[in-house]
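Data block below; observations after.
Taken together, the values in this text are just the output of simple stated rules run on the coordinates, not laboratory data. Treat the numbers as computed from the prediction; the structure is a model and nothing was measured. Glycine gets a Cβ as well: all are built from the backbone with ideal geometry, and neighbour counts include every protein chain shown.
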Amino acid sequence: MIVILGDQLSRDISSLQGADPNHDVIVMAEVMGEATYVPHHPKKIILILSAMRKFAAQLRDQGWRVLYTELDDPDTSHTLTGEILRRAAETGITDVCITEPTEWRVIDALTDLPLRVDMRPDTRFIASHAEFETWAKGRKALRMEYFYREMRRKTGLLMQGDDPEGGQWNFDHDNRKGPPKSVAYAGPRQFTPDTVTQSVIQLVQDRFGDNFGRATPFWFATDRVQALEAMDHFMRYALPSFGDYQDAMLNENAFLYHSFLAPYINIGLLSPREVCDAAQAEWQRGHAPINAVEGFIRQIIGWREYVRGIYFLKGRDYTASNHLGHTRDLPALYWGAPTRMNCMAKSIQQTRDDAYAHHIQRLMVTGNFALLAGIDPHQVHEWYLSVYADAFEWVEAPNTIGMSQFADGGVIASKPYVSSGAYINRMSDYCKSCHYRVKDRTGDRACPFNALYWGFLDRHRDKFAGNPRMAQMYRTFAKISDQDQQDTLEQAQKIWAMLDAGDRL
Ligand code: FAD
Ligand code: DLZ
Ligand code: SF4
């Protein structure tokens with residue numbers, strides 16, 4: 001029995017290597033256990049179930065026997081392991097082959113099964129567990145940049161012999177321009193739902209209509225052919241400007257020049273390697289500049305591989321990390337309750353509409369606010385795991401617990417990603433149409449990010465004042481008059497109290 005999970009929809013998945021359609025049975029299952037371990041965004045559930053159904057249909061067309069459980073199957077056991085056991089009893093099969101699941105929870109459940117389970121490495125990733133462990137061993141700090149160089153050498157991407165193309169490993173100093181006046185890209189390629197997707201939309205609306213997020217209009221790619229089209233569209237129209245505006249944020253444009261490929265790569269419709277090869281080809285034919293292509297490839301063979309390595313290196317308890325001892329509940333505004341903070345309102349509205357926000361919205365708006373506000377990192381983690389179409393624990397948790405909330409005490413980030421409103425103002429057009437004044441630290445109309453920023457630094461002085469990368473921030477605060485410092489810290493206390501009381505900010 002070959003088991004294929006909802007994020008393993010790749011024809012070259014290791015569990016299918018050497019398999020025989022005349023002899024082997026494929027098992028796939030839509031189950032409530034997976035659909036409810038967090039309250040997933042409806043668009044995320046539609047994507048996964050629809051892509052699973054279409055993948056199963058393709059396998060059948062190729063001659064495979066697929067035992068497929070639909071979500072409302074009357075005989076379902078509602079869990080993945082329950083379905084494997086049910087199919088084992090039905091067929092008399094005792095040998096199961098599966099590609100290693102991406103998540104500890106599922107690995108552990110499968111390991112406990114009373115069957116012979118052959119769990120094969122997930123070869124869609126570029127680095128194996130052993131390679132990451134070898135790289136990490138004995139290092140004081142596990143910085144992505146050095147791991148990334150190893151991945152460049154391993155893949156040969158943007159390499160000229162042993163040297164990086166263009167003479168540099170990283171072209172980030174050319175990136176990160178402020179918000180553009182206009183965006184010459186209409187956004188990711190959109191698809192009209194076919195009959196399979198339409199019936200899944202109906203199912204998800206019926207069963208998960210109360211979850212945060214809009215099910216429709218649904219426009220995602222749900223099979224490999226469509227995902228390849230989405231990739232070509234990005235390479236052709238957006239990649240050349242990807243680097244320049246990677247960190248910019250706009251009221252009226254959720255995607256700017258971002259790829260929206262993570263949802264497809266993470267469920268297996270596209271392979272990370274083929275996406276990087278396609279980007280490299282755009283550079284080789286002179287269509288996209290090196291800063292864009294290197295920046296894009298770094299996100300995939302650098303960050304994506306690195307966070308996966310950290311997830312498996314740090315083990316099952318990583319998601320319970322809480323280095324800063326933050327305990328406040330996640331405010332209702334994360335689930336769409338009204339807020340006057342325009343940056344938060346827009347990032348969360350885009351999230352609700354399309355199960356998407358780009359990296360800087362996640363890191364420097366919603367993540368930054370949660371960190372400054374002292375929210376329990378586990379609640380923050382569960383929110384990110386729920387609301388994004390690309391969210392799977394192996395990639396989401398290191399980004400949230402580590403990079404965004406500093407809850408791992410600095411495994412991923414050398415200092416917390418915190419900023420006042422000034423950064424958001426520099427990188428977006430949000431502040432111009434906000435109720436709050438981005439330049440004010442105190443007063444009723446002062447941008448909440450400002451006082452909270454200084455409040456955060458003051459509250460965690462013992463942890464960060466000695467960090468050379470943060471000393472400048474403490475020196476800047478010390479230069480403000482004593483009265484101003486006191487007023488600012490009182491304003492922070494006031495905002496924290498408002499959050500505790502559930503007041504609107
Ligand atoms: P682009 O901006 O077009 O980037 C290209 C590709 O690079 C992405 O498709 C993705 O595969 C990869 N990538 C970029 N940044 C990262 C990163 N930091 N880690 C891993 N891969 C990266 N990404 C997820 O795939 N799933 C998540 O659940 C997730 N949760 C996040 C939570 C937080 C708090 C933060 C700060 C980031 C998170 N990210 C996550 C990383 C990143 O924000 C998304 O990968 C990216 O926004 C996806 O949109 P895109 O495909 O348009 O990416
Ligand atoms: C996320 C998800 C959802 C919503 N539903 C299913 C499902 O019904 N069946 C399935 O096999 N997978 C689903 N998934 C993806 C799994 O949660 C994912 O495969 C695990 O997180 C593996 O680590
Ligand atoms: Fe966000 Fe502050 Fe700017 Fe308003 S003023 S958009 S709250 S950063």
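Compared with the dominant Cα axis of the chain, that is its longest principal axis, helix 42-61 is turned about 20°. The dipole here belongs to segment 1-88: it is taken about the Cα centre, uses +1 on the Cβ of Lys and Arg and -1 on the Cβ of Asp and Glu, and is about 180 debye. One decimal place: the segment Q205-N22 gains 62.1 nm when fully extended, by the rule 0.36 nm per residue minus the C-alpha distance. Among 113-122, 393-402, 199-208, sorting by the average number of other beta carbon atoms lying within 10 angstrom of each residue, highest first, gives 393-402, 199-208, 113-122.
Quick one: helix 342-354 against the long Cα principal axis of the chain, what's the angle to the nearest 10°, folded into 0 to 90? Its long axis makes an angle of about 10 degrees.
If the Kirkwood radius is taken over C-alpha pairs of segment 332-501, then at 10 °C and 1.306 mPa s the Stokes-Einstein diffusion coefficient equals 97 µm²/s. For D112 and R475, the FRET efficiency from 1/(1 + (r/R0)^6), where r spans their Cβ atoms and R0 equals 60 Å, is about 0.65.
In this structure, the residue pairs whose Cα-Cα separation is over 23 Å, taken from K140/K314; K43/K314; K177/K432; K137/K463; K44/K432, are K43/K314; K137/K463; K44/K432.
Our coupling estimate for segment 456-466, obtained by passing each phi through the Karplus curve with A = 6.51, B = -1.76, C = 1.60 and θ = phi - 60°, is 4, 5, 5, 4, 10, 3, 4, 8, 10, 4, x Hz, Gly and Pro reported as x. The simple Förster model, with R0 at 60 Å and r as the Cβ-Cβ distance, assigns T79 and K494 a FRET efficiency of 0.80. Along the axis of the charge dipole computed for the chain (Cβ charges of +1 for Lys and Arg, -1 for Asp and Glu, origin at the Cα centre), the listed residues I310, I267, A141 are led at the positive end by A141. Of the peptides 312-320, 422-430, 462-470, the order by per-residue mean of other Cβ atoms within 10 Å, starting with the highest, comes out as 422-430, 312-320, 462-470.
For the chain, the longest principal axis of the C-alpha atoms and the axis of helix 482-501 are separated by about 40°. Separation of segment 259-337 from segment 82-107 is 28 Å, based on Cα centroids. Can you compute the FRET efficiency between H435 and Y37 using 1/(1 + (r/R0)^6), with r the Cβ-Cβ distance and R0 = 30 Å? Round to the nearest 0.05. So the FRET efficiency works out to roughly 0.25.
A full extension of the chain between Q483 and Q379 corresponds to an added length of 33.9 nm, given 0.36 nm per residue minus the alpha carbon distance. The stretch between R11 and D61, if pulled fully straight at 0.36 nm per residue, gains 16.7 nm over its current Cα-Cα span.
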